[in-house]
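Below: one structure, written as structure tokens.
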Amino acid sequence: MTLRSLSAALALVVIATGPALADQLADMTARGTLRCGVLSVANPFGFQDPDTREIVGYDVDFCRAVAGEMGLDAEIVPVAVEARIPELQLGNIDILAAALGYTAERAEQIDYSDRYFVSRQVVIVAGDSTVASLADLDGLRIATNSGSSNIDYLRNQVPGAEVLTYQDTAAAFLAFAQGRVDGVAISELGTMQLRQQGAIEFRIVQDPLRIEPWGLGVRKGEASLVAAVNQAMEAMESSGQVETIFNTWFGPETPFHLTRGFTVGPITQ
Amino acid sequence: MHFDFSRILQGPYISWLLDGLQVSLLLFGFAWVIAFSLAVVLTLVRLTEIRPLVFLVAAYVEIGRSVPLLIQVFFWYFAASSLLPHAVDRAITRIDPEFIYAGIAFGLGMAAYLSEVLRSGIRSIPHTQIEAGRALGFGWLATMRLVVLPQAFRATVPPLLNYTLMLFKNTSVALAIGVKELTYQTRLIENTTFATFEIFALTTLIYLTGSLLLTVTGELLERHWNRQVSGT
């Protein structure tokens, strides 16, 4: 009797803690929604529109379009940088459209869709600095914000540099402006935003730290979901939707004046 | 979900974590020494009953307890550093500005709490004890040293331990300005490997062990002093 209740309890525990066996794509189809985890403090990818109080941005539009292509309603769920992976793994969100740079090591924990954005990561230094190339950063103090993949790139490309991460990009810039650090690792878009503010005098080190492909994050082992998302993205590419979304946020009528230098396709590195 | 510790147990990650633990412990020790020394001074000043001084100490304690720790850290690192003489700030910048300013912020902030603990400990000793001391022919200082302070100190051990534990855990706030302490390293490893649950579980265990060691030390100290009392 005791033994039986014990084994029943054990079975319960196993059921409760075992991996979810259901297929996520089937769940989503039954539910009719695609839950997109997005950042809420990363302008222009996922941020709060000051007028409408809604989360908007490139990541948000992209995820909405993927949902539309899959015949689902998008549900936008803001996630914190630290919580994004647990949210995905616990199944609170279906996909992560959260400025997620691809690295091989990260890809051991989650699956990535095809690339939907490519970011050029650079290092900025003071306007009067003598740094000419990444190699000159050896022995210098370089800041970046926590949760950034730049930490890895710096460590690999410039092992001699001391990397400091701050709460957010604003704190990293402040440290840079006060001369506490010699440079900041940042996306090229970030440098454009910084240039517009015009508060800090800086120069971009010519060779990029990394050309970083971004993918949508999917929980490990959901092959059918990855395939469906990739298929939706391909359809968006050929219908011109990707181009439209890109131009909305980065095109000629935005402060960035960018033309798209990538197409949707498999991440190959 | 399932745990797979093998990913963080191989590679450089454990040594990153231990580096972080070392920084956390150093920061904790550095801040605690500042906090305790300053708290003793503040308490003594308050005991003098010289009005303007007592008022200043009270104001310091209020501010120290009311301003969030994170803001105090930002203040010291970004703002106060520019108020310091340039040569001093330069010197600190050359050594390790993140660590030093974080330690100062924690130490000064925690001193406000500790001085209150010490003060209430002294106030818990009935005034008759002082009178008894004086009646036996001890001077004021000797009365304090031999009668009041030993008793007051014992009374303050439990709350002192409380705040010491708080300080130990609060050192993690320093990650906001890039101090490579335990939680900073944890987030770095999380960010590199995405093995979120595993690495946070491991770090929790480390903090728990540290806190338990502090608690046990406090208990032993208390017991030691109690035995001394019953022995004499």
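The values are calculated or read from the model by the stated rules, or taken from the named source; none is laboratory data. Just so you know, these numbers come straight off a predicted model, no measurement behind them. All Cβ positions, glycine included, derive from the backbone under ideal geometry; neighbour counts span all protein chains shown. Just so you know, the surface numbers come from the protein's heavy atoms only, side chains and all, with ligands and any DNA or RNA stripped out. Shrake-Rupley method; radii C 1.70, N 1.55, O 1.52, S 1.80 Å.
Observations, loosely collected:
- Scanning region B:140-150 for any residue that is within 14 Å of another protein chain (Cβ to nearest Cβ), part of a helix (DSSP H, G or I) and open to solvent by 20 Å² or more (accessible area, probe 1.4 Å) turns up nothing.
- For region A:129-159, the candidate set comprises residues that are in contact (Cβ under 8 Å) with a residue 60 or more places away in the chain and part of a loop (DSSP other than H, G, I, E, B); within that set, the residue that is most open to solvent (accessible area, probe 1.4 Å) is A:A132.
- Test set (1) away from chain A (no Cβ under 14 Å); (2) in contact (Cβ under 8 Å) with a residue 12 or more places away in the chain; (3) open to solvent by 40 Å² or more (accessible area, probe 1.4 Å); (4) of a type in the set (A, V, I, L, M) - B:A105 fails condition number: (3)
- Unique residue being part of a helix (DSSP H, G or I), under 19 Å from A:A171 (Cα atoms) and free of Cβ contacts under 8 Å to residues at least 24 places away in the same chain when the list is B:A79, B:A58: B:A79
- Just one residue in the set A:R210, A:R195, A:R260 is touching a strand residue (DSSP E or B) at 6+ places or on another chain (Cβ under 7 Å) and either under 30 Å from A:R155 (Cα atoms) or not basic (K, R) (or both); that residue is A:R210.
- Condition met for A:V226 (in contact (Cβ under 8 Å) with a residue 40 or more places away in the chain, β-branched (V, I, T), open to solvent by less than 40 Å² (accessible area, probe 1.4 Å) and farther than 30 Å from A:I142 by Cα): yes
- Criterion violated by B:R7 - all others in (1) open to solvent by less than 40 Å² (accessible area, probe 1.4 Å); (2) at pLDDT 85 or above satisfied: (2)
- Search result, residues across region A:197-251 that are over 15 Å from A:Y116 (Cα atoms) and in a helix (DSSP H, G or I): A:Q197, A:A223, A:S224, A:L225
- Note on region A:92-128: residues that are in a strand (DSSP E or B) and open to solvent by less than 30 Å² (accessible area, probe 1.4 Å) amount to 16.
- Picking from residues in region A:160-175 that are within 8 Å of chain B (Cβ to nearest Cβ) and free of Cβ contacts under 8 Å to residues at least 24 places away in the same chain, the one that is farthest from B:Y13 (Cα to Cα) is A:L174.
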